[in-house]
Each structure stands twice: as C-alpha cells, then as structure tokens.
Amino acid sequence: KQEVTQIPAALSVPEGENLVLNCSFTDSAIYNLQWFRQDPGKGLTSLLLIQSSQREQTSGRLNASLDKSSGRSTLYIAASQPGDSATYLCAVWGNTDKLIFGTGTRLQVFP
Amino acid sequence: DGGITQSPKYLFRKEGQNVTLSCEQNLNHDAMYWYRQDPGQGLRLIYYSQIVNDFQKGDIAEGYSVSREKKESFPLTVTSAQKNPTAFYLCASSIGFVNSPLHFGNGTRLTVT
C-alpha cells in the first residue's frame, strides 16, 4: 500500500532563505508526483507535476526533483517570501486509480 | 475565467439530514473528483468520475453518493448514513486521467450537529 510522508510537518524561516521540503513514498511504481500549495481555508493550487520519467521540473523560484528509485522528492524554494507561507502537499499517482496525498508541510516565512 | 466553483462555502446541517454539495467546472475537463480533508490527515478520495455518466468509488465512499449527468457538474450528496460528516470537502478536475495536474475548487466546510 502506497504511503506518502512529508517532513518536516512545520517550518518557520526568515524571508530570503532558500529552503527544501521533503516528500517520501513507499512504492516506487508511480506514474507521476505532484506538488500543491494550500492557503488556509482554501483549495489546493497545483505547483508542479513530475512524470515518472523526469528528474525535475522548474517553475519560477520553485524546483522539484524526483528520485523514483529511492522514493523521494524535494521541493526547493529559492529566496523565500512571506507570500510563500502556506501548506505544501505532495501526492503520487501509482498503480491505483488515485492520487495518494501526504499530510503536508506548513511553511511560515516571516519578514 | 475558467475554474471550479464549489458552493456553498459553509454549510450547516442537523444530524439525520441529507445534504448536497455543488461542484461546477468550466475547464472542459473530463475527470472530476471529490476529496475529504480532516485536520492532521491527508486528502482522502471519496468518488471520482473519468467521464460523463460514469463514476467510481474511492477509499471512503460509504455514506456518500454522486452523479455525473453533465460534464461540467459533479454534485456530492452526504447522506445520513455517513457517520462523521463534519469535514472540509474539496472538488477537483483534470483534463485527463492519471497524467494531468488536478485543479481544485475552494472547498465547502460542512458542519453537522
């Protein structure tokens, strides 16, 4: 059974820092891995989708990497800003007909 | 603007009543999904639909029902059989199945007392 874990559960950093969020999954047989952002009381916003054949994807200050064999993905946020404060969730699409979500990392960036 | 609209944002019901949550999308997406989010837990899939007039149970379908009569609409009914219905409900859609990013609505917070 696929399980997705995100560490740390919460992170607080000063503005301007580069930071890394981690996501691990137990079954490497995946089609893709997706990163989302969720603001309090809101829905999820898709950030990046990495296909199983890809190693990384970039969008602006965000870079996501995928190491399928070790069951890990990282989301790198460069030059963090207070507006980046949110919960970040990763999810994997494996052999079952659904995305399996982690419980998220709650990020706070303070000025 | 294209997107997914969930209504209402907040919903209050008495125990024993059925309630229907609305989800409409104008993205022309084929696939639609309903998730439930509880504090400290990841999103859990309730139902999904890959195409009009077809839908499948997710991990926690008991006590819920859906319909997909139109491509744009995927309403979720929370029945009185759902033992713990108070939660944040999220609807999502994707252009295709599996290898397409999911787009989410802003959710409906249901409180049952």
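Observations
- Computed 3J(HN,Hα) for region B:3-18, one whole-Hz value per residue from the Karplus formula 6.51 cos²θ - 1.76 cosθ + 1.60 where θ = phi - 60°, is x, 10, 10, 10, 9, x, 6, 10, 9, 10, 9, 8, 4, x, 9, 7, glycine and proline marked x.
- Of all lysines in the structure, the ones whose alpha carbon falls short of 29 Å from that of B:K14, not counting any fewer than 8 places away in one chain, are A:K42, B:K57, B:K83.
- Per-residue HN-Hα couplings for region A:22-30 [Karplus 6.51, -1.76, 1.60; θ = phi - 60°; Hz; x = Gly/Pro]: 10, 9, 10, 9, 8, 10, 7, 7, 10
- Ranked list, fewest to most other Cβ atoms within 10 Å of each Cβ, for B:T108, A:T74, A:T26: A:T26, A:T74, B:T108
- Peptides ranked, highest mean first, by Cβ atoms within 10 Å: ranges B:64-75, B:8-19: B:64-75, B:8-19
- Dividing the convex hull volume of the alpha carbon atoms of region A:36-111 by its residue count gives 104 Å³ per residue.
- q = 0.12 Å⁻¹, the protein assembly as shown: log10 I(q)/I(0) [Debye, one scatterer per Cα]: -0.65
- Relative contact order, whole percent, for chain B stands at 35, derived from Cα pairs under 8 Å and 6 or more residues apart.
- Each residue in B:V78, A:V13 was given a count of other beta-carbon atoms within 10 angstrom of its own, and listing them fewest first yields A:V13, B:V78.
- Across region B:89-103, rounded Karplus estimates of 3J(HN,Hα) from the backbone phi angles (6.51 cos²θ - 1.76 cosθ + 1.60, θ = phi - 60°) give 10, 10, 9, 9, 9, 8, 5, x, 9, 6, 9, 10, x, 8, 10 Hz, Gly and Pro being marked x.
- When each of A:L62, A:L89 is scored by the number of other beta-carbon atoms lying within 10 Å, the sequence from fewest to most is A:L62, A:L89.
- Comparing A:L49, A:L19, A:L66 in a Gaussian network model of chain A where C-alpha atoms under 10 Å apart are linked, the largest mean-square fluctuation is found at A:L19.
- In this structure, the amide hydrogen of A:Q108, modeled 1.01 Å from its nitrogen in the peptide plane, lies closer than 5 angstrom to those of A:L11, A:S12, A:V13, counting only residues at least 5 positions away or on a different chain.
- Other protein chain C-beta atoms within 10 Å of residue C-beta, averaged over B:87-99: 2.
- For the segment B:42-50, counting C-beta atoms of other chains within 10 Å of every residue's C-beta and taking the mean gives 4.
- Contact order, relative form, for chain A: 37 percent (alpha carbon pairs under 8 Å, 6 or more residues apart, mean separation divided by residue count).
- Placing +1 on the Cβ of every Lys and Arg and -1 on the Cβ of every Asp and Glu, with nothing else charged, gives the protein assembly as shown a dipole about its Cα centre of roughly 360 debye.
Values quoted throughout were computed directly from the atomic coordinates according to the rules given, and no laboratory measurement underlies them. Quantities reported herein were computed from a predicted structural model and do not represent experimental measurements. Here Cβ is always computed from backbone atoms with ideal geometry, including for glycine, and neighbour counts include all displayed protein chains.
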